[in-house]
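To start, the structure under review is shown below, and the notes come after it.
Where a number appears in this text, it was derived from the coordinates with a stated rule and is not lab data. Everything quoted here is computed from the prediction, not taken from an experiment. Neighbour counts are summed over all protein chains in view; Cβ atoms, including those assigned to glycine, are modelled from backbone coordinates with ideal geometry.
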Amino acid sequence: MPRERSSLFGGGGSSSSGGAGPSGSFNQYDEERENDRAVDEIASRASALKRITIDIQEEAEQQQALLDNMGNYMDKSKNLVGNVSRYFNKVLKENKHRRYAYYVMGLVVLFLLLYRWMSG
């Protein structure tokens with residue numbers, strides 16, 4: 001067993017085992033260089049993955065900020081539409097302002113019809 005172990009690690013076994021002598025140290029040197037290249041390749045891939053992960057995180061944070069802003073704008077527009085709706089309900093309940101509201105709605109419809117006619 002010790003002899004097999006020493007031949008595996010390039011120790012002093014018989015020269016026929018291939019682990020000792022000049023050719024054994026040359027193979028060990030080549031294996032070391034190959035291992036170093038493999039480690040460098042793994043390190044470069046890990047670095048690329050880290051950069052990609054950081055980019056994904058930054059993009060997600062930007063999109064989250066955009067979604068938050070969009071939610072705020074939607075809340076503001078919901079409040080605005082609610083206020084306008086309440087105002088129209090108030091106007092339509094009063095008889096003297098009802099005619100005025102019909103004029104405004106008629107003008108809006110007329111504007112939309114003219115816009116449609118001019119664009120199409």
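Going by how many other Cβ atoms sit within 10 Å of their own, how do 88, 111 line up, fewest first?
Working: 88 14, 111 10.
Ranking 88, 111 by Cβ neighbours within 10 Å, fewest first, gives 111, 88.
So for the pair residue 100, residue 64, with labels modelled 7 Å out along Cα→Cβ, what separation do we get in nm?
4.9
If I model a spin label at residue 46 and residue 93 as a point 7 Å from the Cα along the Cα→Cβ vector, what separation in nanometres do I get?
Here the modelled spin labels are 7.1 nm apart.
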